[in-house]
Every structure is written in C-alpha cells, then in structure tokens.
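Below: the structure, in structure tokens.
The values are calculated or read from the model by the stated rules, or taken from the named source; none is laboratory data. Worth saying up front: this structure is predicted, and the values here are computed from it rather than measured. Positions of Cβ are backbone-derived with ideal geometry, glycine not excepted, and every protein chain shown enters the neighbour counts.
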Amino acid sequence: TADSGEYQVLARWDTPKVVKGVSFLLRLTVAADDGSERLVSTARTTETTYRFRQLALGNYRLTVRAANAWGQQGDPASVSFRIAAPAAPSRIELTPGYFQITATPHLAVYDPTVQFEFWFSEKRIADIRQVETTARYLGTALYWIAA
C-alpha cells in the first residue's frame with residue numbers, strides 16, 4: 001500500500017509447451033542511483049506466476065529463465081517495470097443523479113491500472129496533509145457514487 005511504502009507485484013509468463021520437471025529461475029533487480037542494478041530477489045518456482053512482496057518505489061527488471069531437472073537453462077526473458085505514484089487527476093467530473101452525485105477522476109493519459117482513494121468531509125480541508133486525519137475514508141475505486 002502507499003501508506004506503508006511497500007508494494008507487491010504479480011508476475012505471469014507463458015511457456016510454449018509444458019515439459020515435465022521444468023522450473024523457472026527468477027531474478028529481480030532495481031536500478032540504483034548510480035545507474036547500476038541492485039539484486040532485490042531471486043526465486044525458483046514450478047508455477048508460471050510468482051508474487052514479489054514488500055517492494056519499494058523504483059525501476060525494476062525481472063528476468064525469467066526455464067531450467068530442467070538436469071540443470072540445463074533456456075534463454076532468459078526480461079521485462080522492465082516501474083513502481084511509482086500515479087499522476088494526479090487532470091480533472092474531476094461531477095455527475096448529478098436522482099438523490100446522488102458521481103465523482104469520476106480523469107487522468108491526462110489513461111491508465112487502466114490506476115484507482116483513486118475517496119475521502120469525505122463536511123468541512124473544506126485547506127491543507128491536503130490533513131485529509132487522512134480530518135476526513136472519512138470512503139474507499140478505493142475508479143469512481144465514487146454518493147447517495
């Protein structure tokens with residue numbers, strides 16, 4: 001969660017055919033300030049999914065390679081990804097309804113993975129740092145309907 005500063009990532013990959021006795025070697029690195037890569041985690045699994053937990057913000061590279069029971073390894077496949085705070089909404093659309101209102105935040109660049117936290121206060125909160133201590137948390141979603 002953003003509050004704890006720790007995130008999790010679910011990695012999935014496909015294999016062209018199922019071979020008995022195959023496992024997958026995973027290597028996760030993060031870019032360091034000096035441009036080098038620092039090893040975060042290694043793992044071995046027989047599944048085609050793996051969950052990494054307690055990751056900090058940063059630029060990561062995951063490398064996966066298959067290995068058989070005799071130690072022979074296939075070519076590695078890599079993907080880079082970033083864990084970062086999403087951009088603030090570029091606008092918030094308020095749609096009135098029958099005894100309700102719908103608040104829909106919009107990003108300047110659409111990202112289907114981004115959800116928003118919704119908070120409510122009867123009084124205006126001038127300092128954004130006071131939201132979590134002053135307002136009531138409603139939930140996390142793509143939009144919120146208040147009735």
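Condition check ((1) in contact with a Gly (Cβ under 9 Å, 6 or more places away or on another chain); (2) among the β-branched types (V, I, T); (3) loosely packed, with under 14 Cβ neighbours inside 10 Å) across all residues:
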{"site": "L26", "(1), (2), (3)": "no, no, no"}
{"site": "A31", "(1), (2), (3)": "yes, no, no"}
{"site": "G35", "(1), (2), (3)": "no, no, yes"}
{"site": "V40", "(1), (2), (3)": "yes, yes, no"}
{"site": "R51", "(1), (2), (3)": "no, no, yes"}
{"site": "Q54", "(1), (2), (3)": "no, no, yes"}
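In a residue-by-residue description of the stretch 49-63, the property of being at pLDDT 95 or above, of a type in the set (S, T, N, Q) and more than 19 Å from the chain's Cα centre (by Cα) applies to no position. Among the conditions (1) farther than 25 Å from Q8 by Cα; (2) surrounded by 10 or more Cβ atoms within 10 Å (Cβ to Cβ), the only one that T133 does not satisfy is (2). Meeting the requirement of 1 or more residues that are of a type in the set (S, T, Y) and touching a strand residue (DSSP E or B) at 6+ places or on another chain (Cβ under 6 Å), the strands (runs of 3 or more DSSP E) wholly within the stretch 46-147 are 49-55, 58-67, 77-83, 91-97, 100-106, 136-141. Taking residues in the stretch 46-63 that are more than 16 Å from P76 (Cα to Cα), and partners anywhere that are outside any strand (DSSP E or B), the pairs with Cβ atoms closer than 7 Å and at least 6 places apart or on different chains are Q54/E6; L55/E6; A56/G5; A56/E6; L57/A84.
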